[in-house]
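Novice: Could you have a look at this structure, given as structure tokens, before my questions?
Values in this text are rule-based calculations from the coordinates and carry no lab data. A quick note: this is a predicted structure, and the numbers were derived from the prediction, not measured. Note: ideal-geometry Cβ built from the backbone for every residue, glycine included; neighbour counts use all protein chains shown.
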Amino acid sequence: MRKKLWIVVIAAALLCSACAKSDTTKADASKPDADDSFWMSDITDEIFERIKGKSFKDDCTLPREDLRYLHVLHVDLNGETREGEMIVNYHIAEDVLEILRQLYEAKYPIEKIRLVDEYDADDERSMEDNNSSAFNFRFISHTTRVSKHGLGLAVDINTLYNPYTKIVDGERILEPITAEAYLDRDADFPYKIDHEDLCFKLFTEHGFEWGGDWEDRKDYQHFEIPTAQIEEWYPENQ
Ligand SMILES: [Zn+2]
């Protein structure tokens, strides 16, 4: 009798573990590509070779160890799935990976997510190509402070359709220069980021500020970590 009871207990245990295993397998199998394709890594030697002297400039003061490489999927305007790569600061790596995964699952169109190094770290060229990217080392003009993109703590999305603009001495600055058609934010066009936009919602939920909310200038493509938080992470960068 006792023996029989043990057999029942063992059989039940085996059955349970089999169930659990098959459940996991099922969950993985439902979205094999998405699950396998969203991942992050350190800046390996191979990746470093691609960014050295470009986005990771010779005078880069941010340690390579503070950066993470993200591999993602995204959907273009035709609904085609594309592979993307982005480099961000480790403080926001999990958040950005999660945001890009949610955008992918919602089929939110992003045309290109390439390393800015493919444009020789030239922001203007990257923006004219509507590329989405994050890390690109530079100091804020005439200071020794590193910019938010320089720290990998700002992300630009669909950059041609969501330009940066500011009026200086009555003259309009526009970046990229080819984005004139997308200055009218009441007009209807693809990739437009506004307050109803999913991209805006996800980034702001994750603690980012949107450059489209600024008063003295507009940077519709741009999401960044607030300055007060960055001062905590990088107190020397002031
Ligand atoms: Zn930006």
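Novice: Neighbouring Cβ atoms within 10 Å as the yardstick, rank Val96, Val146 fewest first.
Specialist: Details: Val96 24, Val146 21.
Sorted ascending by nearby Cβ count, the order is Val146, Val96.
Novice: If R0 is 25 Å, what FRET efficiency do you get for Phe48 and Gln229 from their C-beta distance, rounded to 0.05? Working shown, then result.
Specialist: Values: r = 27 Å, r/R0 = 1.07.
Using R0 = 25 Å, I get an efficiency of 0.40.
Novice: Cα-based Rg (one decimal) and Dmax (whole number) for the chain, in Å?
Specialist: 22.3, 94
Novice: Which FRET efficiency value, to the nearest 0.05, do you get for Lys201 and Thr61 by plugging their Cβ-Cβ distance into 1/(1 + (r/R0)^6) with R0 = 45 Å? Before the final figure, lay out each step's value.
Specialist: Values: r = 34 Å, r/R0 = 0.75.
Once the sixth-power term is evaluated, E becomes 0.85.
Novice: Right, next: With 10 angstrom as the radius, rank Asp117, Asp194 by how many other C-beta atoms surround their C-beta, starting from the fewest.
Specialist: Details: Asp117 23, Asp194 13.
Taking fewest neighbouring Cβ atoms as first place, the list is Asp194, Asp117.
Novice: Kindly give the semi-axes, whole Å and largest first, of the ellipsoid equivalent to segment 40-110, taking each as the square root of 5 times a Cα gyration tensor eigenvalue.
Specialist: Values: eigenvalues 137, 35, 17 Å².
Largest first, segment 40-110 gives 26, 13, 9 Å.
Novice: Can you tell me the relative contact order of the chain? Whole percent, Cα pairs under 8 Å, sequence separation 6 or more. The partial results should precede the final answer.
Specialist: Numbers: 385 pairs, mean separation 32.5, N = 238.
Value for the chain: 14 percent.
Novice: Further question: Using a 10 Å cut-off on Cβ atoms, rank the peptides 52-61, 169-178 from the highest mean neighbour count down.
Specialist: Numbers: 52-61: 15.6, 169-178: 11.5.
In decreasing order of mean packing, 52-61, 169-178 become 52-61, 169-178.
Novice: What nm distance separates the two modelled labels at Thr165 and Asp186, each placed 7 Å from Cα along Cα→Cβ?
Specialist: It is 1.3 nm.
Novice: Classify segment 147-220: rounded, prolate or oblate, from the alpha-carbon gyration tensor (a ≥ b ≥ c, eigenvalue square roots; a/c under 1.5 rounded; otherwise prolate if a/b is larger than b/c)? Don't skip to the end; give the middle numbers.
Specialist: Numbers: a/c = 1.77, a/b = 1.22, b/c = 1.45.
Here segment 147-220 falls in the oblate category.
Novice: Also, I was wondering about something else. Ignoring everything except DSSP H segments at least 4 long, calculate the 222 nm mean residue ellipticity for the chain; use -39,500 (n - 2.57) per segment, divide by total residues, nearest 500. Don't skip to the end; give the middle numbers.
Specialist: Values: 7 runs with 76 residues, N = 238.
Theoretical 222 nm ellipticity from helices: -9500 deg cm²/dmol.
Novice: So which DSSP H runs in the chain come out at 20 Å plus along the axis (Cα) with average Kyte-Doolittle of at least -0.5? Mind showing how you got there, number by number?
Specialist: Details: long enough: 2-30 (42 Å, 0.50).
Membrane-span-like by this rule: 2-30.
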